[in-house]
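Shown next, in C-alpha cells, is the structure this report addresses.
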Amino acid sequence: MVPALPATFAARGMDDVQRALVAILNLFHQLAIAVAHDLHYAYPAEAHAEVLSWMQQHMPPPKPAE
C-alpha cells in the first residue's frame, strides 16, 4: 500500500513535485560534473584511470549494434 501524499503536495499538484525533483537531480548532476572537472585538473591521469576502472567494475558492457 502506497501512503498518501502530504496535503501540501496534493494541493500543489504532481507537476510541481516533479519539477522540484528534476531541479534537485540537476543540482546533483552539476555537482558531479564539478567534482569530475576538479579531479581532471588536479590528477588527470589518475582520475581517468579511476573512472575507467569504476566503469568497468560497475557498468554493464555495451550491447552490440544490431
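No lab work stands behind these numbers, since they all come straight from the coordinates. Quantities reported herein were computed from a predicted structural model and do not represent experimental measurements.
Side notes on the structure shown:
- Extension gain for VAL35 to SER53 (0.36 nm times residue separation, less C-alpha to C-alpha distance): 4.8 nm.
- Linear extension gain, LEU25 paired with ALA65, 0.36 nm per residue minus alpha-carbon span: 11.4 nm
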